[in-house]
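All remarks here apply to the structure that follows.
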Amino acid sequence: MQFADLGSKVMRGLYLDKSEAEWFIGQVRSGDINDLQFVSMLAAMETRNTIRGISTEECSDLIRALRTPIEIDMNVLCNSGTGRDRVKTINISTPAAVVIASAGVRVLKNGSRKLTGYTGSRDVIEALGLSNDLEINDVLKEVRMVGIGYYDFSKLIPIKARSGLASPLNLIGPLCNPVRLSYKILGCTDERYARKIEPILEKICPNYIISCNPNVDEISPVEPTLILEKREGVKREYLFNPRECGFHLNDYSPILHPGNIGEMSPMILGALRGESSIARDTIALNAAAGIYLAGKSNSIQDAYDLSRFLMESGKSWYILNKWRNFQRANE
């Protein structure tokens, strides 16, 4: 197999099969495909996708190829947002991951530095006093022993060069994780994207929730959010109204990002300590989706009450400190 052959195939409007996707990613990781070849292939694939549409099979094969070859014997959840939200709030998904882990759900969060907002998951992990650059074997030890770990997306694709143009990575990046997931929470702001991504997500993960709100890439505490769900083999689609959990907000002002991570960190840390705030309740609401999806509760509403309890009782704060201490002991 040669790179030129794959490039020619894509430029003819054809899609890569499973073996070709695996070969391409393998050559990228080995360094046998250079930066220019990589971004050229992505540009060719995006042009083909624009003209012909995406292939759910090719996207699914690329996501599987990006996984590490490590097989795991535990159920793992990842929660993430796609960014590109109109309202720039504090980071929600990273502290929500800690709350989910405190409910007894193993979490392997995949993320990156900021792309469209003020802070990304990698930035927040660092602000919480945690390492954001661990190798996969060390991260899996954390997931097994603590219940949570973080793996940076940049490690899945070692080439840092990007063209600045849209590429297939914009579509599949939020779905990528270094291991096979049992549960995926994905927040987005574009319903067209949600409809496009759901068939791909269905091929790679048995249980998922896609939340879609035009203003924020998570479940909104202000207005109804569209939920596309598959849980225990059953697919559902519905509007989730935050008033069902007691929210009566008129706008997002209590959770707007203050503009820098130094000012945001106290809001997140206070929430994880259980201090009363809209930030705490919004994090609890989004953690509730993961707790419900993993079968720890029968509804998002019930899971929200559990999330609040975990935060107010100190269990979420305990998990965060356990995570920090585990990393320090294993440096």
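All but one of (1) over 15 Å from Lys88 (Cα atoms); (2) buried (at least 19 other Cβ atoms within 10 Å of the Cβ); (3) out of contact with any Pro (no Cβ under 6 Å at 6 or more places or on another chain) hold for Ser220; which doesn't?
Only one criterion in (1) over 15 Å from Lys88 (Cα atoms); (2) buried (at least 19 other Cβ atoms within 10 Å of the Cβ); (3) out of contact with any Pro (no Cβ under 6 Å at 6 or more places or on another chain) is unmet by Ser220, namely (1).
Among the residues in region 153-167, are any without any contact (Cβ under 8 Å) to a residue 60 or more places away in the chain and either touching a Gly at 6+ places or on another chain (Cβ under 6 Å) or within 15 Å of Glu218 (Cα to Cα) (or both)?
no
Within region 198-217, track down each residue that is surrounded by fewer than 18 Cβ atoms within 10 Å (Cβ to Cβ) and assigned to a loop (DSSP other than H, G, I, E, B).
Matches in region 198-217: Pro206, Pro214, Asn215.
When residues of region 141-161 are filtered for being surrounded by 14 or more Cβ atoms within 10 Å (Cβ to Cβ) and assigned to a loop (DSSP other than H, G, I, E, B), how many remain?
So the answer is 5.
Collect the residues in region 93-129 that are modelled with pLDDT of 95 or more and hydrophobic (A, V, I, L, M, F, W, C), keeping them in residue-number order.
Ala96, Ala97, Val98, Val99, Ile100, Ala101, Ala103, Val105, Val107, Leu108
Is there a residue in region 238-255 that is assigned by TED's automatic domain parsing to the domain that holds Ser93, surrounded by fewer than 18 Cβ atoms within 10 Å (Cβ to Cβ), in contact with a helix residue (DSSP H, G or I) (Cβ under 6 Å, 6 or more places away or on another chain) and under 23 Å from Ile148 (Cα atoms)? Full working, then the answer.
Keep residues of region 238-255 that are assigned by TED's automatic domain parsing to the domain that holds Ser93, which gives 238-255.
Filter once more, keeping what is surrounded by fewer than 18 Cβ atoms within 10 Å (Cβ to Cβ): 238-239, 241, 243-244, 246-251, 253-254.
Going one step further and asking which of them are in contact with a helix residue (DSSP H, G or I) (Cβ under 6 Å, 6 or more places away or on another chain), we end up with 244, 254.
Of the ones still in play, those that are also under 23 Å from Ile148 (Cα atoms) are none.
There is no residue in region 238-255 that is assigned by TED's automatic domain parsing to the domain that holds Ser93, surrounded by fewer than 18 Cβ atoms within 10 Å (Cβ to Cβ), in contact with a helix residue (DSSP H, G or I) (Cβ under 6 Å, 6 or more places away or on another chain) and under 23 Å from Ile148 (Cα atoms).
Among the listed residues Ile283, Ile219, identify the single one that is closer than 26 Å to Ile172 by Cβ and aliphatic (A, V, I, L, M). Outline the logic, then answer.
Working: Ile283 fails: closer than 26 Å to Ile172 by Cβ.
Just a single option satisfies the conditions, and that option is Ile219.
Within region 237-256, which residues are closer than 13 Å to Ala289 by Cβ and assigned to a strand (DSSP E or B)?
If the condition is that a residue be closer than 13 Å to Ala289 by Cβ and assigned to a strand (DSSP E or B), then Tyr238, Phe240 are the ones that fit.
The values are calculated or read from the model by the stated rules, or taken from the named source; none is laboratory data. Keep in mind that what you see is a predicted model, and the values were worked out from it rather than measured. So basically every Cβ, Gly included, is an ideal-geometry build from the backbone, and we count neighbours across all protein chains shown.
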